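Student: Below is a structure I'd like to ask you about.
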Amino acid sequence: MTIRRRELLLGVPAVGAATLLAGYGRAGARAPGPGPTGQLELYSWWTDGPEQNGLLALLTEFKGRAPLLSCYNGARSSRAAGRPQAELERRLAAGDPPDTFQCHAGAELAELVAPGRLADLDQLYRRQGWAEQFPAALLPQLRSGDSYYCVPVDIHRANVLWSSPAVLERAGADPAPVSIAALLENLRRVARTGLVPLAVGGSWCRKHLLETVLLAEVGPEGWAALWSGEGWGAPRVAAALRDFRDLLALSNLADPAMLGWEDATALVGGGRAGYQVMGDWAEGFLRGTLGLRPRVGFEWAAVPGTAGVFQYLSDAFALPAGARHREAALAWLAECGSLDGQVAFNGAKGAIPARLDLPEQTRALFGPYARWSLDEWRGGRIVGSLTHGVVAPTAWNARIDTALADFLAHRDPGRFQAALVTAAGPATRP
Ligand code: GAL
């Protein structure tokens with residue numbers, strides 16, 4: 001089912017994994033129906049495939065609490081050109097906010113708070129006891145100053161290497177190379193079969209690959225230093241940029257059909273490409289949309305060089321100051337932070353719940369990928385994602401985007417590094 005702009009969302013049937021998972025672990029202080037009435041405009045770029053399924057699963061759960069409310073998504077399709085956040089930013093600046101919108105925890109949230117565009121959620125946090133239920137490492141990314149401004153609905157992992165067992169078997173390649181050098185060697189093996197070695201989607205997918213390669217080379221401490229502006233001129237960054245150049249040379253970067261991440265994931269899932277570096281929303285697509293069995297139709301591993309490090313991002317919903325339907329939005333936010341909502345949503349989307357109190361019997365209902373991810377999240381070293389809003393504000397991201405676009409034209413790692421050093425100048429830092 002495709003959601004078109006302003007189409008009503010409530011009343012749709014529950015889908016796939018959501019149906020299986022919903023209803024477990026009832027907890028949280030949410031009012032039983034009939035709940036709020038009237039309308040709720042939410043704004044989310046999850047308008048296709050498994051991402052939309054996740055949103056629908058959450059909305060279906062919400063329908064039980066707010067049967068009289070009509071909800072609709074004011075966002076355009078995530079596959080349209082440009083950043084999905086751009087239209088939202090225009091609306092917020094024009095004083096025409098939706099009632100609630102999707103955003104990322106971390107730097108992206110902080111810059112929305114600064115101009116007074118968001119209402120704080122402190123009362124809701126107190127009522128729900130969320131400060132005890134969300135991980136301590138995540139809480140500061142949900143706050144600005146002493147107040148909370150968004151409710152996390154998931155934890156995604158960015159540094160995942162997806163692969164096609166069929167292609168790798170044919171090429172004699174390894175699903176879990178231990179270093180970027182080893183990955184390059186395996187990509188060359190796939191290249192000899194005539195298939196695509198590394199599938200890369202359009203726009204931000206290149207930056208997503210870049211950030212994982214940087215992390216592999218500089219390590220978690222070096223990664224943290226980069227986002228306080230240190231270390232961009234270091235030899236390790238130079239090495240990462242050479243790796244990045246070599247990886248792109250073994251990719252299908254020039255293929256104009258690679259518009260979104262799903263196009264690249266479809267190549268891996270369809271046995272036409274060996275590997276893809278992508279966040280774990282790819283799992284929702286491989287399993288949910290393509291119907292592939294984990295470890296049979298697709299494989300995964302940490303991006304080489306990042307084993308034991310969980311590069312996370314967290315999708316959240318926020319309440320704009322001046323939301324027209326504030327009570328309905330608060331009810332939606334309570335749903336987003338609830339255990340039932342998070343279980344239904346994440347089962348369909350490929351992510352894991354942000355809440356810590358997932359009962360063992362519910363955990364068993366998640367697939368092998370999510371169980372792996374839950375273990376990695378608990379035991380791993382946690383670092384934030386660049387592309388998905390955690391570590392750097394939009395202005396810095398935009399400068400990196402420009403440097404990257406130039407690099408794709410000139411392919412000179414030295415020039416690229418110089419541009420990244422300039423991009424890290426004080427003007428871009430908060
Ligand atoms: C991210 C978002 C994920 C997923 C991904 C691809 O920014 O946080 O949930 O939607 O984009 O669309």
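Conditions (1) of a type in the set (Val, Ile, Thr); (2) within 16 Å of the ligand (Cβ to nearest atom), marked per residue:
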| site | (1), (2) |
| --- | --- |
| 200 | yes, yes |
| 207 | no, yes |
| 212 | yes, yes |
| 220 | no, no |
| 243 | no, no |
| 252 | no, no |
| 259 | no, yes |
| 264 | no, yes |
| 274 | no, no |
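Student: If you don't mind, another one. Given the condition over 15 Å from residue 328 (Cβ atoms), touching a Pro at 6+ places or on another chain (Cβ under 8 Å) and either modelled with pLDDT under 90 or of a type in the set (S, T, N, Q) (or both), answer yes or no: does some residue in the range 87-101 qualify?
Tutor: There is no residue in the range 87-101 that is over 15 Å from residue 328 (Cβ atoms), touching a Pro at 6+ places or on another chain (Cβ under 8 Å) and either modelled with pLDDT under 90 or of a type in the set (S, T, N, Q) (or both).
Student: Spot the failing condition for residue 258; the list is (1) at pLDDT 95 or above; (2) in contact with a helix residue (DSSP H, G or I) (Cβ under 8 Å, 6 or more places away or on another chain); (3) in a loop (DSSP other than H, G, I, E, B), and only one is missed.
Tutor: Going through the list (1) at pLDDT 95 or above; (2) in contact with a helix residue (DSSP H, G or I) (Cβ under 8 Å, 6 or more places away or on another chain); (3) in a loop (DSSP other than H, G, I, E, B), residue 258 breaks only (1).
Student: Let me ask you something else. Consider residue 225 against the criteria (1) part of a loop (DSSP other than H, G, I, E, B); (2) free of Cβ contacts under 8 Å to residues at least 24 places away in the same chain; (3) closer than 13 Å to residue 391 by Cα: it satisfies all of them except one. Which criterion is unmet?
Tutor: Condition not satisfied by residue 225: (1).
Student: Moving on. Go over the candidates 136, 75 one by one and state the one that is under 19 Å from residue 315 (Cα atoms), within 16 Å of the ligand (Cβ to nearest atom) and either assigned to a loop (DSSP other than H, G, I, E, B) or touching a Lys or Arg at 6+ places or on another chain (Cβ under 8 Å) (or both).
Tutor: 75
Student: Oh, and also: Restricting to the range 115-131, and then to whatever is assigned to a loop (DSSP other than H, G, I, E, B) and under 26 Å from residue 76 (Cα atoms), can you tell me which residue is nearest to the ligand (Cβ to nearest atom)?
Tutor: Once the filter is applied, the top-ranked residue is 117.
Student: Which members of the range 230-255 meet the condition of being among the small types (Gly, Ala, Ser) and in a helix (DSSP H, G or I)?
Tutor: 238, 239, 240, 249
Residues checked against (1) in a loop (DSSP other than H, G, I, E, B); (2) acidic (Asp, Glu); (3) within 16 Å of the ligand (Cβ to nearest atom):
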| site | (1), (2), (3) |
| --- | --- |
| 282 | no, no, yes |
| 285 | no, no, yes |
| 292 | yes, no, no |
| 299 | no, yes, no |
| 317 | no, no, yes |
| 324 | yes, no, no |
| 332 | no, no, no |
| 347 | no, no, yes |
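Student: Return the residues of the range 174-205 that are in a helix (DSSP H, G or I) and closer than 15 Å to residue 305 by Cβ; say none if nothing qualifies.
Tutor: Selection gives 180, 181, 182, 183, 184, 185, 186, 187.
Student: On to the next question. Which is surrounded by fewer than 24 Cβ atoms within 10 Å (Cβ to Cβ), hydrophobic (A, V, I, L, M, F, W, C) and within 16 Å of the ligand (Cβ to nearest atom), of 377, 396, 372?
Tutor: 377
Student: Being away from the ligand (no atom under 16 Å from the Cβ) and either in a strand (DSSP E or B) or free of Cβ contacts under 8 Å to residues at least 12 places away in the same chain (or both) is the filter here; which residues of the range 42-72 pass it?
Tutor: 69, 70, 71, 72 - these are the residues of the range 42-72 that are away from the ligand (no atom under 16 Å from the Cβ) and either in a strand (DSSP E or B) or free of Cβ contacts under 8 Å to residues at least 12 places away in the same chain (or both).
Student: So which of 57, 107, 75 ends up being surrounded by 15 or more Cβ atoms within 10 Å (Cβ to Cβ) and modelled with pLDDT of 95 or more?
Tutor: Only one candidate passes the filter, namely 107.
Student: Pairs under 7 Å by beta carbon, first residue at pLDDT below 90 and of a type outside the set (S, T, N, Q) in the range 357-373, partner in a loop (DSSP other than H, G, I, E, B) and buried (at least 17 other Cβ atoms within 10 Å of the Cβ), six or more apart or different chains?
Tutor: The qualifying pairs are 365/24.
This table checks each residue for (1) surrounded by fewer than 18 Cβ atoms within 10 Å (Cβ to Cβ); (2) modelled with pLDDT under 95; (3) among the acidic types (Asp, Glu).
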{"site": "190", "(1), (2), (3)": "no, no, no"}
{"site": "196", "(1), (2), (3)": "no, no, no"}
{"site": "200", "(1), (2), (3)": "no, no, no"}
{"site": "215", "(1), (2), (3)": "no, no, no"}
{"site": "220", "(1), (2), (3)": "yes, no, no"}
{"site": "284", "(1), (2), (3)": "no, yes, no"}
{"site": "298", "(1), (2), (3)": "no, no, no"}
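Student: Consider residue 342 carefully, then state whether it is under 28 Å from residue 126 (Cβ atoms), among the polar types (S, T, N, Q), crowded, with 24+ Cβ neighbours inside 10 Å and at pLDDT 95 or above.
Tutor: Yes; evaluated as a whole, the condition is true for this residue.
Student: Here's something else I'd like to know. Listed residues 172, 202; which is farther than 30 Å from residue 124 by Cα and in contact (Cβ under 8 Å) with a residue 24 or more places away in the chain?
Tutor: So the residue among 172, 202 that is farther than 30 Å from residue 124 by Cα and in contact (Cβ under 8 Å) with a residue 24 or more places away in the chain is 202.
Student: In this structure, is residue 387 within 15 Å of the ligand (Cβ to nearest atom) and surrounded by 21 or more Cβ atoms within 10 Å (Cβ to Cβ)?
Tutor: yes
Student: A further question follows. Considering the range 82-104 alone, what residues qualify as being in a helix (DSSP H, G or I) and surrounded by 15 or more Cβ atoms within 10 Å (Cβ to Cβ)?
Tutor: 85, 87, 88, 91, 92
The values are calculated or read from the model by the stated rules, or taken from the named source; none is laboratory data. Because the structure is a prediction, the values reported are computed rather than measured. Positions of Cβ are backbone-derived with ideal geometry, glycine not excepted, and every protein chain shown enters the neighbour counts.
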